[in-house]
1. Against the conditions (1) closer than 26 Å to Lys137 by Cβ; (2) at pLDDT 95 or above; (3) within 12 Å of the chain's Cα centre (by Cα), where does Val97 fall short? Just the number, please.
2. Any residue in the stretch 103-114 that is more than 25 Å from Ser152 (Cα to Cα) sitting within a Cβ distance under 7 Å of a residue that is of a type in the set (A, V, I, L, M) and assigned to a strand (DSSP E or B)? List the pairs, counting only those 6 or more apart or interchain.
3. Taking the residues in the stretch 45-63 that are at negative phi, without any contact (Cβ under 8 Å) to a residue 60 or more places away in the chain and part of a loop (DSSP other than H, G, I, E, B) as candidates, determine which candidate is least open to solvent (accessible area, probe 1.4 Å).
4. Taking the stretch 115-163 on its own, how many of its residues are more than 21 Å from Asp96 (Cβ to Cβ), within 15 Å of the chain's Cα centre (by Cα) and modelled with pLDDT under 95?
5. Give me the pairs: first residue in the stretch 129-148 and without any contact (Cβ under 8 Å) to a residue 12 or more places away in the chain and of a type outside the set (A, V, I, L, M, F, W, C), second residue assigned to a strand (DSSP E or B) and open to solvent by less than 50 Å² (accessible area, probe 1.4 Å), beta-carbon distance under 7 Å, and six or more apart or on different chains, which are they?
6. Where in the stretch 64-121 are there strands (runs of 3 or more DSSP E), lying wholly inside it, with at least 3 residues that are open to solvent by less than 20 Å² (accessible area, probe 1.4 Å)?
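The values are calculated or read from the model by the stated rules, or taken from the named source; none is laboratory data. Just so it is clear, the model here is predicted, and its values are computed rather than measured. When we count neighbours, we look across all protein chains shown, and the Cβ atoms used for this are built from the backbone with ideal geometry, even at glycine. Each accessible area value is taken on the protein alone, full model and side chains, heavy atoms only, with ligands, DNA and RNA left out. Shrake-Rupley method; radii C 1.70, N 1.55, O 1.52, S 1.80 Å.
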Amino acid sequence: MKGRLSIAFALLFALLASGSGQAGGSHPKRSAAAEQLRQAHEQFIAVTAKGDADGMAQLIADDYFVTGADGRTADRAGALAQVKQNRAQVEMKEDDVNVRLLGSSGVVTGLIRWKVGTGEKAATGQVRFTEVWVRRKGRWQLAIAQATAVQSKAEEKTGHKSE
């Protein structure tokens, strides 16, 4: 179980597909750029959840750095190695997604509810995430990602995580 939980946290370096949120601004160029960023984020989450390290490599910057929900950090090589080790499908559902443009950079934030495994061996949780994207050579690249574990209501009351 701990192994699967570690894999889930490693995958949560980066996070989920689908969801709703705000792209901000009504300027046509800004809206198009925000939509492109949202699509890059969704693609990143999709390839990460299924363990597609090659797909992930296409979306992350050479200087990529991540801090996972478990506090561990990784550079590009470390993050790709973690994703490559993933053999299980991780289910993720996003909520409260916000895409914000800041010049040639963008920030994507949101909440992810995740599940890995099935039946009694399933592990679940939720994280808030922040991703910093940069526009380089005409495309969005993920430069920095950070996830923070969010306690469930039961965990808040007892102070213990249930598994």
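1. (2)
2. Ser104/Val134; Ser105/Val132; Ser105/Val134; Gly106/Val99; Val107/Val132
3. Applying the filter and picking the extreme gives Asp52.
4. Total satisfying the criteria: 1.
5. Pairs found: none.
6. Numbers: elements: 73-75, 90-102, 105-116.
In the stretch 64-121, the matching strands (runs of 3 or more DSSP E) lie at 90-102, 105-116.
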